[in-house]
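A.B. asks: Right, I'll just put the structure down here and ask away after.
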Amino acid sequence: MVLWGLVLGALLVFTVGFLCLLGLPRQRRPQEPPLDKGPIPWLGHAMAFRKNMFEFLKHMWAKHGDVFTVQLGGQYFTFVMDPLSFGPILKDAQRKLDFVEYAEKLVLKVFGYQSAQGDYRMIHSASTKYLMGDGLAELNKTMLHGLSLVMLGPMGQSPDASCWREDGLFHFCYNILFKAGYLSLFGYTKDQEQDLRQAEELFVQFRKFDLLFPRFVYSLLGPREWLEVGRLQRLFYKALSVQHNLEKNDISSWISYMLQYLREQGVAPAMQDKFNFMMLWASQGNTGPISFWALLFLLKHPEAMQAVKEEATQVLGEAKLKARQSFDFDVSILHRTPVLDSVMEETLRLGAAPTLLRVVHGDHVLKMANGQEYQLRSGDTVALFPYLSVHMDPDIHPEPTAFKYDRFLDSSGSRKVDFYKAGKKIHHYTMPWGSGVSICPGRFLAINEMKLFVLLMVTYFDMELVDPDTPVPPVDPRRWGFGTMQPSHEVRFRYRLRPID
Ligand code: HEM
């Protein structure tokens, strides 16, 4: 017993001593941003950061000002909080700030995908071709078909769909967006009933992975959770395997193009399966949660719901479904919905909270808008968290925590693009998609998909909160920095397909 005590004590002293040694050498040099190494050697501020990144950064910002370097798990991150100074970081004319290095490490860990040179360019050129312009117009039609299939079933509208049903709003939105998005991008077999069942099963597993995701990225999983993550990864590799693709029709040109590229580069089929998993995650992890916030805000703000419904009637007419009909309309109406556009932009301002990261290659001088210059060290990471520094800035967005459906409409009812900080016009007034080289290549499809869903819900369905007084739930703080926020608990609602009179 005594011997074990001694061994454990020695181990503890050794570990703490080693961690102290690792942390010690770093001292702030002249011209560098304020350095905060945190309370624990090597770990630094990792615990507080992982617990609630938003609160942690708010505290650091108040303590150190617009630029500061913090230690997180042995790495140094320099946060820049002044949006007027984002330009040089995002443009990176000196090519010293690297987005790819960090992303490659992350996708290897999370999806098992070993990136190759040229992948980034390939993903962006596939997306320019098929998720924008004419390619996007095609995909919008496919998405409407997918939504119709998922929301009405393969036989179209059925009489019993007019009965009231109850569900969790978050589950309802995520489930529909996931299944419609997955089928539209990854294709169908000849049996649509079977496709819907498979998509449902995949959604159940996707949510399990989704819930573990933040702690997986931070390496905080317990042994059982590690095993579970491994099981889920294998399940997704199999379900999305290129072998399976052979049985499918209508795989989107976006996915087909990228897989063809990988084949031509000699990437092994097993690695292509992992690539598919990564694309499933990128394409389906955010649209559901944002659609949830959008519908919830509309349900909580009758004046916004009214404005969206009026606009929907203008573009769609008095849409009514006949028996066995599916949703079908000209998707070009998506260009004529400024009110809904504003609702979505406002929802993204409140619900999307990504972190933008760039690894510094070679010592680099950061020039701030106020003329101040900071020396950044090679190997450190520059980080932006626009949710706090932009979306919640009351100077740019008065009453920043309030949902205002017309915040992004100007006095003529068109899209508002003039926002100011300290009297200066600001270019980055919201950044839900990231920005610069790493901007989300699926953003146009994402917005159209979510708009189609909201339009269908307000046009064809009656819906109400089970408890109209239920407040908007707080966000789950563990997801700050990972993209879109999820609620900390469900909100019950009921809905029915509006009966034909
Ligand atoms: C509400 C929906 C969405 C949001 C808020 C969103 C946001 C983002 C953000 C913040 C990034 C990373 C930016 C960075 O690292 O700096 C990203 C990357 C990405 N997104 Fe989206 N996204 C959404 C939907 C989609 C959809 C529907 C697709 C595809 C159909 C998609 C495809 C991608 C891809 C492929 C990447 C990685 C790009 C790269 O490697 O450079 N996203 N997205």
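The values are calculated or read from the model by the stated rules, or taken from the named source; none is laboratory data. Quick caveat: nothing in here was measured; it's all calculated off a predicted structure. Here the Cβ positions follow ideal geometry from the backbone for every residue, glycine too, while neighbour counts run over all protein chains shown. All accessible areas refer to the heavy atoms of the entire protein, side chains included, with ligands and DNA or RNA removed. Shrake-Rupley method; radii C 1.70, N 1.55, O 1.52, S 1.80 Å.
A.B. asks: Residue by residue through the range 297-308, which ³J(HN,Hα) values in whole Hz follow from phi under the Karplus form 6.51 cos²θ - 1.76 cosθ + 1.60 (θ = phi - 60°), with glycine and proline marked x?
C.D. replies: So the Karplus estimates, Gly and Pro as x, are 4, 5, 5, 8, 10, x, 5, 6, 4, 4, 5, 5 Hz.
A.B. asks: Show which aspartates and glutamates lie in cross-link reach of LYS424 when reach means a straight Cα distance below 12 angstrom and same-chain residues fewer than eight apart are skipped.
C.D. replies: Leaving aside aspartates and glutamates fewer than 8 places away in the same chain, those within reach of LYS424 are ASP395.
A.B. asks: Let me ask you something else. If contacts are Cα pairs under 8 angstrom and at least 6 residues apart, what is the relative contact order of the chain in percent?
C.D. replies: Dividing the mean separation by the residue count of the chain yields 23 percent.
A.B. asks: Then there's this: Express in Å², to the nearest 10, the accessible area of ASP330 obtained by rolling a 1.4 Å probe over the protein heavy atoms while all chains stay in place.
C.D. replies: Accessible surface of ASP330 is approximately 100 Å².
A.B. asks: Take THR430, THR381 and sort them by solvent-accessible surface of the protein heavy atoms, 1.4 Å probe, largest at the top.
C.D. replies: THR430, THR381
A.B. asks: Is the shape of the range 60-126 rounded, prolate or oblate, going by the alpha carbon gyration tensor and its root eigenvalues a ≥ b ≥ c, with a/c under 1.5 for rounded and a/b larger than b/c for prolate?
C.D. replies: It is oblate, given that a/c is not under 1.5 and a/b is not larger than b/c.
A.B. asks: Here's something else I'd like to know. Report the rotationally averaged projected area of the range 343-450 based on its alpha-carbon convex hull, in square nanometres.
C.D. replies: Quarter of the Cα hull surface area: 8.1 nm².
A.B. asks: For LYS238, give me every one of the lysines with a C-alpha distance below 16 angstrom, ignoring sequence neighbours fewer than eight places off in its own chain.
C.D. replies: Result set, ordered by chain and number: LYS248, LYS274.
A.B. asks: What is the sum of charges around GLY74, taking Lys and Arg as +1, Asp and Glu as -1, for the other residues whose C-beta is under 15 Å from the C-beta of GLY74?
C.D. replies: For residues surrounding GLY74, the net value is +3.
A.B. asks: Under the definition of Cα pairs under 8 Å and six or more residues apart, what whole-number percent is the relative contact order of the range 61-155?
C.D. replies: Value for the range 61-155: 10 percent.
A.B. asks: Further question: Go through the range 389-402 residue by residue and turn each phi into a ³J(HN,Hα) via Karplus (6.51, -1.76, 1.60, θ = phi - 60°); whole Hz please, and just put x for glycine and proline.
C.D. replies: Whole-Hz 3J(HN,Hα) from phi for the range 389-402: 7, 10, 4, 9, 7, x, 6, 7, 10, x, 6, x, 8, 7.
A.B. asks: Follow-up. Skipping prolines and chain starts, which residues have an amide H placed within reach, meaning under 5 Å, of the one on ARG498, given they are 5 or more residues away or on another chain?
C.D. replies: For ARG498, the qualifying residues are PHE461, ASP462.
A.B. asks: Structure shown: which of LYS91/LYS141; LYS63/LYS416; LYS129/LYS320; LYS51/LYS105; LYS129/LYS300 lie over 28 Å apart, alpha-carbon to alpha-carbon?
C.D. replies: Pairs exceeding the cut-off: LYS91/LYS141; LYS63/LYS416; LYS129/LYS320; LYS129/LYS300.
A.B. asks: Rounded to the nearest whole Å², what accessible area per residue is found for the range 365-501 with the 1.4 Å probe?
C.D. replies: Value for the range 365-501: 43 Å² per residue.
A.B. asks: Rounded, prolate or oblate: which fits the range 163-266 when a ≥ b ≥ c are the square roots of the eigenvalues of the alpha-carbon gyration tensor, with rounded for a/c under 1.5 and prolate only if a/b beats b/c?
C.D. replies: Oblate, since a/c reaches 1.5 and b/c is not below a/b.
A.B. asks: What do you get for the angle between helix 2-23 and the principal long axis of the chain? Use alpha-carbon atoms, 0 to 90 degrees, nearest ten.
C.D. replies: It works out to around 80 degrees.
A.B. asks: Ignoring ligands, DNA and RNA, what accessible area per residue does the range 78-210 give at 1.4 Å, in Å²?
C.D. replies: Accessible area per residue: 43 Å².
A.B. asks: How many angstrom separate the Cα center of the range 302-328 from the Cα center of the range 59-134?
C.D. replies: That distance is 40 Å.
A.B. asks: Would you mind counting up the charge near PHE461? Only other residues with Cβ under 13 Å from its Cβ, with Lys and Arg at +1 and Asp and Glu at -1.
C.D. replies: +3
A.B. asks: Per the 1.4 Å probe, what fraction of the accessible area of the chain, in percent, lies on carbon and sulfur atoms?
C.D. replies: Percent of accessible area from carbon and sulfur atoms in the chain: 57.
A.B. asks: Hey, another quick one. Run down the lysines and flag those whose C-alpha is under 17 Å from the C-alpha of LYS96, throwing out any fewer than 8 positions away in its chain.
C.D. replies: Reachable lysines: LYS367.
A.B. asks: Using only the Cα atoms of the range 424-501, build the gyration tensor, take square roots of its eigenvalues as a ≥ b ≥ c, and label the shape rounded, prolate or oblate: rounded if a/c is under 1.5, else prolate if a/b is larger than b/c, else oblate.
C.D. replies: The shape class here is oblate.
A.B. asks: First select every other residue whose beta carbon is under 13 angstrom from the beta carbon of LYS309; then total the charges, Lys and Arg +1, Asp and Glu -1.
C.D. replies: Spelling it out: positives minus negatives among the neighbours equals -4.
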